[in-house]
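The values are calculated or read from the model by the stated rules, or taken from the named source; none is laboratory data. Being a predicted model, the structure only gives us computed values, none of them experimental. Cβ placement follows ideal geometry from the backbone for every residue including glycine, while neighbour counts extend to all protein chains displayed. Just so you know, the surface numbers come from the protein's heavy atoms only, side chains and all, with ligands and any DNA or RNA stripped out. Shrake-Rupley method; radii C 1.70, N 1.55, O 1.52, S 1.80 Å.
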Amino acid sequence: MLFAVGHSNDPDSQTAISEVLAQIHTTLAGTSPKGGVLFAAIDFDHALILHRVIKAFPDINLIGGTTDGEMSSVLGFEQDSLTLMVFCSDEVTITAGMGRGLSKDVTAASHSAVQQAKANHKEDIQFCISLPESLTTSGALILDSLKQALGARVPIFGGLTADQWRSEQTYQFFQTEVCSDAVPILLFSGPILFSHGIASGWQPIGKPGRVTKAESNVVYEIDDQPALAFYQRYLGDLPPSSEYPLALFDADSNRYYMRAPIEIHDATIGSIIFFGDVPVQSMVQITETTHDNILAASRQSTQQALENYPGQAPAAALFFSCASRRQILGSRTGEEYEQAQHCLTQPLPSCGFYTNGEIAPLQQHGTTYFHNETFITLLLGAE
Amino acid sequence: MSSDVIDPQVEVQQLERENRILKKKLERSNANCLNLEETAQKKESLLRQVIHELGESKESEALLEKQSCELEQALKDLKRTQTQLVQAEKMSSLGQLVAGIAHEINNPVNFIHGNLNHVQDYAQNLLDFVQLYQSHYPNPTPEIQIEAEEIDLEFIQTDLPKILDSMKMGTDRIRQIVLSLRNFSRMDEAEFKTVDIHEGIDSTLLILQHRLKDKPESPSIQVIRNYGDLPLVACYPGQLNQAFMNILANAIDALEEVNTKRTYEEIRENPSQITIETSLVDSTSVKISISDNGIGMPESVQQRIFDPFFTTKAVGKGTGMGMSISHQIITEKHGGRLDCFSTPGKRTEFMIQIPVHH
Ligand SMILES: Nc1ncnc2c1ncn2[C@@H]1O[C@H](COP(=O)(O)OP(=O)(O)O)[C@@H](O)[C@H]1O
Ligand SMILES: [Mg+2]
């Protein structure tokens, strides 16, 4: 199996895609790619770029989306850039599907994406990569219906599309199509090997509270007070934002997972919308992190993926990292990619983006979860 | 005069590409800075509240004390990283821009400057030649005589060399400014180098020239340089120049502030002055003192000038970052010290001491 990556930081769409394609052509030396993922900053002319990719690689099954930042083995971490990874193989089957109109009917959209993509597979699906919309529908809901359509046994990896922290509009790509409110997927079957790692680096701090009123991903009250008051106690007048997620504790263990706030839902009653559902009665605590904790987690994520890799050595890596991590790391964001590279014994073609929510199972081949504030490494290779 | 053979089309395309990337970077830099500031503000507020809560619940005093100490430290670190983040991003974009512009101006100026020598030679030859004619044909035909009077040949003969001389002075000055800009923005700032400190100060002054000059409302600021005999100093030249710049800009601000309350005449009788003195302290370190006879500052201000974001200036004018960054550059990056002495209404002195070898 052959992997190739291209990456350009030229803000001009025509030049950027020309550079990316030229880099990939050099690696491929004539081989025709079967599948690809494209990560593009929000300000590009996406339709133009997609047409150029399809024209260059007529056999490709392509999905992609807009980002909060991009990274690759070509340029490392960049913003306002464009990166494409393509997959070539004669034995592995790669197909793409697209579900539209998530906010109208999340189940129908997810099922139609899966149906479209599943049609051409003769063997069991090994795994799925998805890059869904982040702003119109709860990420956890999208994931639940994808799991339903695929069967819980198929692990899903990916991230929600982003728009450079503007929360205005994000886009998803499928072949030459540019959509919003959609869910594109890639399905893989055949002799492909993979493993993944996942780590975050956030720690709870301050007083715990109990969620007393909530409805799916909107939290109304904590300790019978407006949810906003819980945040304001710590953040002052500044609005809640995803670098300060809540830790949600298990009923009777000390383990927790994170839910990041998107924005204020209703300022008059003090309700907050989260990237994912928050059950009533959950014990919650605000969390914070430091640069060093974030960077240690990135390394840990790649380490974990390597330890779990089933074959000799992986041939490529995909990374999905949370936009909040970039937000806090600031000018040190480049180090995150470097940390991940540190554990690898040889440089791999790799590619990734900063997302509005990450998707991966907690354990290898376990059921898939929706995450916030997380760094996900997905290693790929052939048998 | 020869010129390098580079394909101008390719060069222009390359330049346009770099320009696009730089512009995007600058656009983003501002948005990023704002976001980072807000993130850091939230963290600060969060840590404060947690410290406060720790104080409220009196479980184990010693433990609490330790924890709140740690948190206070975290808060301090945070403020510092914030300062660094914001400034690093802004400075690197600005530095790149300045270096790029300097580079672009350099080529055409050198072209003009180089060719001026030839023009000067040719002009001199022509003038000599005319003179030769005049001495051999003292009585030219009327037609030539009329033309000579019409174009004022005599004047041209004396004025042309002068004009060429002053053009040369002009290009010399541009070259000097370009050199200072490159010197100042030194893209090699990541490198530790041994340099002549005086060169750095002079470059910085040249960049600030427009603020030192004569203005309709005030005569120029006098700069008194008492340079001692200094060895070359090992430092990050770009960063050190940035510190000089911050201190000198503050001195000019302080002088301008006093001058708003004085007439042109009053200022001329008691001129605004910036004094720069350098000397070797002992064989291991150098001292650079920069003082002004400006507004000065009270004790309460002196105590806080190195705090990030502390400013007494109007919104949009002061950022409160200059001194905190200079302090950091001098103490942390160079293992030196920066002290401030000031008498309100009279004068302010900043004293930098840095080791010769780091
Ligand atoms: N030479 C000086 N004379 C008087 N006050 C000064 C001088 N230098 C610095 N200060 C004081 O220190 C403050 C902080 O300076 P600085 O960190 O450079 O920020 P800013 O110049 O943006 O206000 C200034 O606002 C001013 O009050
Ligand atoms: Mg200043």
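What ³J(HN,Hα) values, in whole Hz, does the Karplus curve 6.51 cos²θ - 1.76 cosθ + 1.60 give for segment B:214-229 when θ = phi - 60°, with x put for Gly and Pro?
With coefficients 6.51, -1.76 and 1.60, one gets 3, 10, x, 8, 8, x, 5, 7, 7, 10, 9, 9, 10, 7, x, 8 Hz.
What angle do you read, to the nearest 10 degrees and between 0 and 90, between the alpha-carbon axis of helix A:139-150 and the longest principal axis of chain A?
Approximately 50 degrees, to the nearest ten.
Can you give me the relative contact order of segment A:203-288 as a percent, contacts being Cα pairs under 8 Å and 6 or more apart? Provide the component values of the computation, followed by the final result.
Numbers: 205 pairs, mean separation 36.1, N = 86.
That works out to 42 percent.
For A:Ser350, A:Ser167, what's the largest-to-smallest order of accessible area, 1.4 Å probe? Present the calculation step by step, with values, prior to reporting the outcome.
Details: A:Ser350 0, A:Ser167 70 Å².
Per-residue accessible area, sorted high to low, gives A:Ser167, A:Ser350.
Over segment A:80-172, what portion of Cα pair distances is larger than 20 Å, expressed as a whole percent?
Details: 1694 of 4278 pairs.
For segment A:80-172, the fraction of Cα-Cα distances above 20 Å is 40 percent.
For chain A, state the semi-axes of the equivalent ellipsoid (square roots of 5 times the eigenvalues of the alpha-carbon gyration tensor), sorted largest first and rounded to whole angstrom.
Values: eigenvalues 221, 89, 83 Å².
Equivalent ellipsoid semi-axes, largest first: 33, 21, 20 Å.
Please report the relative contact order for chain A, taking Cα pairs under 8 Å with a sequence separation of at least 6, and give it as a percent rounded to a whole number. Let's see the in-between values first.
Working: 1051 pairs, mean separation 75.7, N = 383.
It rounds to 20 percent for chain A.
In segment A:171-202, which residues have a backbone nitrogen under 18 Å from the label point lying 7 Å from A:Glu383's Cα in the Cα-to-Cβ direction?
Only A:188-195 fall inside the zone, counting backbone N under 18 Å.
Within segment A:216-235, find all residues whose amide N lies under 20 Å from a label point positioned 7 Å from the Cα of A:Asp266 along Cα-to-beta-carbon.
Answer for this model: A:216-232.
Would you mind telling me the antiparallel percentage of the DSSP bridges in the protein assembly as shown, rounded to 5? Display every interim value, and only then the final one.
Working: 107 of 128 bridges.
Antiparallel bridges make up about 85 percent of those DSSP assigns within the protein assembly as shown.
Considering the Cα trace of the protein assembly as shown, what is its radius of gyration and what is Dmax, both in angstroms?
32.8, 118
Kindly provide the helix-only [θ] at 222 nm of chain A, computed as the sum of -39,500 (n - 2.57) over DSSP H runs of four or more divided by all residues, to the nearest 500 deg cm²/dmol?
Numbers: 8 runs with 95 residues, N = 383.
Calculated from helices alone, the mean residue ellipticity at 222 nm is -7500 deg cm²/dmol.
Using each residue's phi in segment A:308-323, evaluate 6.51 cos²θ - 1.76 cosθ + 1.60 at θ = phi - 60° and report the 3J(HN,Hα) Karplus result to the nearest Hz, with x for Gly and Pro.
8, 5, x, x, 4, 8, x, 10, 7, 9, 10, 10, 10, 10, 6, 4
Return the long-range amide H neighbours of A:Glu263 (sequence gap of 5 or more, or a different chain), with a cut-off of under 5 Å between placed amide H atoms.
A:Ile273
Relative contact order for segment B:186-358: what percent, with Cα pairs under 8 Å and sequence separation of 6 or more?
Taking the mean separation of contacting Cα pairs over the length of segment B:186-358, I get 24 percent.
Let me check I've understood the local charge: for A:Thr176, count other residues with C-beta under 12 angstrom from its C-beta, Lys and Arg +1, Asp and Glu -1. What total comes out?
On the way: positive: A:Arg52, A:Lys55; negative: A:Glu177.
Net local charge, A:Thr176 excluded: +1.
Any idea what Rg and Dmax come out to for segment A:1-49 if you just take the C-alpha atoms, in Å?
Cα-based Rg and Dmax for segment A:1-49 come out at 11.3, 33 Å.
Taking each pair of different alpha-carbon atoms in segment A:190-343 once, compute 1/r for the pair, average those values, and report the inverse of that mean as the Kirkwood hydrodynamic radius in Å to one decimal. Please list the in-between numbers first.
Values: mean 1/r = 0.0589 Å⁻¹.
Result for segment A:190-343, one decimal place: 17.0 Å.
Ranked from highest to lowest mean number of other Cβ atoms within 10 Å per residue, what is the order of the peptides B:222-232, A:93-103?
Working: B:222-232: 12.3, A:93-103: 21.5.
Sorting B:222-232, A:93-103 by mean packing, highest first, produces A:93-103, B:222-232.
Taking beta carbons within 10 Å but only from partner chains, what does the mean come to for residues A:9-18? Could you put the intermediate results ahead of the total?
On the way: counts 5, 6, 9, 5, 0, 0, 4, 2, 0, 0.
That works out to 3 on average.
Check which residues have an amide H placed less than 5 Å from B:Val356's amide H, if you skip close sequence neighbours.
B:Ser285, B:Val286
Using 0.36 nm per residue, how much length does the chain from B:Lys261 to B:Thr284 gain when fully extended, once their Cα-Cα distance is taken away?
Stretched out fully, the B:Lys261 to B:Thr284 stretch lengthens by 3.9 nm.
For the pair B:Lys76/B:Gln302, report the inter-label distance in nm, with labels modelled 7 Å from Cα in the Cβ direction.
2.2
Restricted to Cα positions, what overall size does segment A:203-288 have along the principal axes? Three whole-Å values, descending.
That works out to 35, 24, 21 Å along the principal axes.
I'd like to know which of B:Val223, B:Thr275, B:Met297 lies farthest towards the positive end of the charge dipole of segment B:186-358, counting +1 on Cβ of Lys and Arg and -1 on Cβ of Asp and Glu.
It is B:Met297, whose Cα lies furthest towards the positive end.
What aspartates and glutamates does B:Lys23 reach when the alpha-carbon gap must be under 14 Å and sequence neighbours fewer than 8 apart in one chain are set aside?
A:Asp10, A:Asp12, A:Asp43, A:Asp80, B:Glu89
Note the full-extension length gain between B:Glu332 and B:Asn107 as 0.36 nm times their separation in residues minus their Cα-Cα distance, in nm to one decimal.
Details: separation 225, 0.36 × 225 = 81.00 nm, distance 3.75 nm.
Result: 77.2 nm gained on full extension.
Taking K and R as +1 and D and E as -1, what net charge do the other residues with C-beta under 14 Å from the C-beta of A:Ile142 add up to? Intermediate values should be presented prior to the final figure.
Values: positive: A:Arg100, A:Lys104, A:Lys147; negative: A:Asp105, A:Glu133, A:Asp144, A:Asp181, A:Asp277, A:Glu358.
With Lys, Arg at +1 and Asp, Glu at -1, the neighbours total -3.
Give a residue-ordered list of calculated ³J(HN,Hα) values for segment A:352-359 (Karplus: 6.51 cos²θ - 1.76 cosθ + 1.60, θ = phi - 60°; whole Hz; x for Gly, Pro).
After applying 6.51 cos²θ - 1.76 cosθ + 1.60, I find x, 8, 8, 10, 9, x, 10, 10 Hz.
Cross-link list A:Lys104/A:Lys213; A:Lys213/B:Lys43; A:Lys34/A:Lys55; A:Lys34/A:Lys122; B:Lys287/B:Lys333; B:Lys193/B:Lys287: which exceed 20 angstrom alpha carbon to alpha carbon? Please report the intermediate quantities before stating the final value.
On the way: A:Lys104/A:Lys213 25 Å; A:Lys213/B:Lys43 26 Å; A:Lys34/A:Lys55 14 Å; A:Lys34/A:Lys122 16 Å; B:Lys287/B:Lys333 16 Å; B:Lys193/B:Lys287 18 Å.
Check vs 20 Å cut-off fails for A:Lys104/A:Lys213; A:Lys213/B:Lys43.
Taking H as built 1.01 Å from N, whose amide H comes closer than 5 Å to the amide H of A:Phe87, not counting residues under 5 places away?
Amide H to amide H, under 5 Å and 5 or more residues apart or across chains, A:Phe87 pairs with A:Lys34, A:Gly35, A:Gly36.
Report, in degrees rounded to the nearest 10, the 0 to 90 angle that the Cα long axis of helix A:291-307 makes with the longest principal axis of chain A.
Approximately 50 degrees, to the nearest ten.
How do A:Ser331, B:Ser45, A:Ser324 stack up against each other in accessible area, from largest to smallest, with a 1.4 angstrom probe?
On the way: A:Ser331 65, B:Ser45 30, A:Ser324 0 Å².
Ranking A:Ser331, B:Ser45, A:Ser324 by accessible area, largest first, yields A:Ser331, B:Ser45, A:Ser324.
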